[in-house]
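What follows is a set of notes on a single structure, which appears directly below.
The values are calculated or read from the model by the stated rules, or taken from the named source; none is laboratory data. Being a predicted model, the structure only gives us computed values, none of them experimental. Here Cβ is always computed from backbone atoms with ideal geometry, including for glycine, and neighbour counts include all displayed protein chains. For the accessible areas, the whole protein counts, side chains as well, though only heavy atoms, and no ligand, DNA or RNA atoms are used. Shrake-Rupley method; radii C 1.70, N 1.55, O 1.52, S 1.80 Å.
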Amino acid sequence: MLDLLKDLWGFMRERKKFWLAPIILVMLLLGVLIVLAQGSAVAPFIYALF
């Protein structure tokens, strides 16, 4: 996993594509939110947001 992040950062730095960083960060945060909400009592409230 750490190698993937290093490669991704190297790609963004070399090709000057720093605008990808916020998109990737938001996608990761949404993924973590969905995974954590799968089996919890907070799930109905999170699903109401979307």
(message) Pull out all pairs, ordered by first then second residue, where Cβ-Cβ is under 8 Å, the residues are six or more apart or on different chains, the first lies in region 25-47 and is more than 30 Å from Leu8 (Cα to Cα), and the second is of a type in the set (A, V, I, L, M, F, W, C) and surrounded by 10 or more Cβ atoms within 10 Å (Cβ to Cβ).
(response) Ala43/Ala37; Tyr47/Ala37
(message) Based on this model, can you work out whether Ile24 counts as in a helix (DSSP H, G or I) and either at pLDDT 80 or above or in contact with a Lys or Arg (Cβ under 9 Å, 6 or more places away or on another chain) (or both)?
(response) yes
(message) Can you tell me how many residues within region 1-15 are modelled with pLDDT under 90 and either part of a loop (DSSP other than H, G, I, E, B) or surrounded by fewer than 10 Cβ atoms within 10 Å (Cβ to Cβ) (or both)?
(response) 3
(message) Checking the structure you have, find out if any residue of region 28-36 is assigned to a helix (DSSP H, G or I), surrounded by 10 or more Cβ atoms within 10 Å (Cβ to Cβ) and more than 14 Å from the chain's Cα centre (by Cα).
(response) no
(request) Give region 16-27 a look and list any residue that's of a type in the set (Lys, Arg) and either at negative phi or open to solvent by less than 100 Å² (accessible area, probe 1.4 Å) (or both), or say none. (result) Lys17
(request) Answer with yes or no whether Leu30 is of a type outside the set (Lys, Arg) and at pLDDT below 85. (result) no
